[in-house]
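Undergrad: Below is a structure I'd like to ask you about.
The values are calculated or read from the model by the stated rules, or taken from the named source; none is laboratory data. Computed from a predicted structure; not experimentally measured. Quick reminder, even Gly has a Cβ in these numbers, built from the backbone with ideal geometry, and neighbours come from all protein chains shown. Only protein heavy atoms, including side chains, enter the accessible area calculation; ligands, DNA and RNA are left aside. Shrake-Rupley method; radii C 1.70, N 1.55, O 1.52, S 1.80 Å.
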Amino acid sequence: MNIYLDESRLNFSSLNKEDIYEIIVKVNSENKVIIRIYNQEREFESIEQAVLEGQDFYIDTADSRGYLLEILENVSSYLVKMITAIENLVESFRIGEEGEATKQFLEIVDGLGWLLDMATNQQHYIKQNQIIETEVVLTIKHYEEILVKIVEAWEKVDFVLIADLLEYELIPWFEEYKEWSSHLQKGLSVDASSRKQRAFQN
């Protein structure tokens, strides 16, 4: 079985837990993150899963800061769209258009889950790569608590409570997420510029 890290073949006669750990350490030491693990047929969620397949596989990485910046830009753009969608959803609930509101709600459910995944992944990258956060703090647990409340209200068919939760809890959290993303983007951009300048001077 051949393993390729960014197209370079890794030399392992067999792959055990220590070898997998060695690959991860190598990626982290180069300030990179693993963005894709795949073979000719499918993608994998982990190196361990790819090893179990028993076929050649590939690991693609990206610069951790650049990758995080790209994700932050995508999330910031998506948050603007989500806030607008939720404001429209709240309006539909408020004026009694439950049928239209239900349709709108179901359309944003996947987006709510995607944003939770993105926020969790971003904080994981920050901790993994020892990136210093700004004074703005993003509390993912609070978002999870809001989602639980919304689900409970949905199960009780309490449209008034759903509208209140969306307007007074979810939208403010999205605004916090936007502010956190903006501050982090600025910090990462400044840091990247500083590192380029130091590299040029050396």
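Undergrad: Any residue in the range 32-41 that is open to solvent by less than 70 Å² (accessible area, probe 1.4 Å), touching a helix residue (DSSP H, G or I) at 6+ places or on another chain (Cβ under 7 Å) and in a loop (DSSP other than H, G, I, E, B)?
TA: In the first step, residues of the range 32-41 are kept if they are open to solvent by less than 70 Å² (accessible area, probe 1.4 Å); the result is 32-34, 37-39.
Okay, now just the ones that are also touching a helix residue (DSSP H, G or I) at 6+ places or on another chain (Cβ under 7 Å), so 32-34, 37, 39.
Retained after the next criterion (residues that are in a loop (DSSP other than H, G, I, E, B)): 39.
Looking through the range 32-41, at least one residue is open to solvent by less than 70 Å² (accessible area, probe 1.4 Å), touching a helix residue (DSSP H, G or I) at 6+ places or on another chain (Cβ under 7 Å) and in a loop (DSSP other than H, G, I, E, B).
Undergrad: Take the range 85-97 and flag every residue that is part of a helix (DSSP H, G or I) and open to solvent by less than 70 Å² (accessible area, probe 1.4 Å).
TA: Across the range 85-97, the qualifying residues are 85, 86, 89, 90, 92, 93.
Undergrad: Pairs please, first residue from the range 91-119 and on the phi < 0 side of the Ramachandran plot, second anywhere and in a loop (DSSP other than H, G, I, E, B) and of a type outside the set (S, T, N, Q), Cβ atoms under 7 Å, 6+ apart in sequence or on different chains.
TA: 119/138
Undergrad: Which of the numbered conditions does residue 73 fail, given that it passes all the others? Conditions: (1) out of contact with any Ser or Thr (no Cβ under 6 Å at 6 or more places or on another chain); (2) farther than 30 Å from residue 165 by Cα; (3) open to solvent by 40 Å² or more (accessible area, probe 1.4 Å).
TA: (2)
Undergrad: Also, quick follow-up: Please go through (1) under 19 Å from residue 121 (Cα atoms); (2) open to solvent by less than 50 Å² (accessible area, probe 1.4 Å); (3) not small (Gly, Ala, Ser) for residue 20 and return the number of the only condition it doesn't satisfy.
TA: (1)
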